[in-house]
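One structure is given below, encoded as structure tokens.
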Amino acid sequence: MTLPTWTGKSHFKYEGSVRKGTQIWFGKNEHPLTVSAAQYTRLLDHFKGQEVPVGASRDRPQLGSLGEWLQENVRRTAIASYLAPILVTEGYALRVTDQTKIKFN
């Protein structure tokens with residue numbers, strides 16, 4: 001499936017699901033980035049019911065943001081701009097009206 005990034009400035013492709021794990025292709029990356037089902041489960045448990053900044057900054061995501069958590073727990077590369085749209089598309093979260101935040105179910 002192809003989705004726009006969180007800011008909508010580019011697109012990326014992914015296969016799989018939050019429940020089973022995903023492989024994500026972005027930029028000129030020929031090798032997919034893998035996020036496991038277990039990593040998604042930890043992420044969803046951590047943010048359950050919260051509204052937080054997406055933190056899509058490549059170098060300094062906001063404190064307490066999805067991006068900060070991903071850099072500390074999944075991989076150092078900034079991937080919030082890819083995971084946030086996946087989470088929204090699959091119904092695990094909602095895009096908040098100010099466009100910089102995400103609300104987890």
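The values are calculated or read from the model by the stated rules, or taken from the named source; none is laboratory data. Keep in mind the model is a prediction, meaning the values are calculated, not measured. So basically every Cβ, Gly included, is an ideal-geometry build from the backbone, and we count neighbours across all protein chains shown. With ligands, DNA and RNA removed, areas are computed over all heavy atoms of the protein, side chains included. Shrake-Rupley method; radii C 1.70, N 1.55, O 1.52, S 1.80 Å.
With respect to being more than 21 Å from Gln23 (Cα to Cα) and either aromatic (Phe, Trp, Tyr) or open to solvent by 50 Å² or more (accessible area, probe 1.4 Å) (or both), Asn73 falls outside the description.
Residues in region 48-100 that are in contact with a strand residue (DSSP E or B) (Cβ under 6 Å, 6 or more places away or on another chain), assigned to a strand (DSSP E or B) and farther than 22 Å from Tyr14 by Cα: 2 in all. Among the criteria (1) farther than 20 Å from Asp98 by Cβ; (2) of a type outside the set (Lys, Arg); (3) modelled with pLDDT of 95 or more; (4) assigned to a loop (DSSP other than H, G, I, E, B), the one Glu30 does not fulfil is (3). Restricting the first member to region 88-105 and to residues that are open to solvent by 70 Å² or more (accessible area, probe 1.4 Å), and the second to residues that are among the hydroxyl-bearing types (Ser, Thr, Tyr), the beta-carbon pairs closer than 8 Å and six or more apart or on different chains are Asn105/Tyr92. Of all residues in region 51-60, none satisfies being out of contact with any Lys or Arg (no Cβ under 7 Å at 6 or more places or on another chain), among the polar types (S, T, N, Q) and modelled with pLDDT of 95 or more. Here region 21-33 is the region considered, the condition is being without any contact (Cβ under 8 Å) to a residue 40 or more places away in the chain, open to solvent by less than 80 Å² (accessible area, probe 1.4 Å) and of a type outside the set (Gly, Ala, Ser), and the residue that is nearest to Pro4 (Cα to Cα) is Trp25. A count restricted to region 36-51 and to residues that are surrounded by 16 or more Cβ atoms within 10 Å (Cβ to Cβ) and touching a Phe, Trp or Tyr at 6+ places or on another chain (Cβ under 9 Å) stands at 3.
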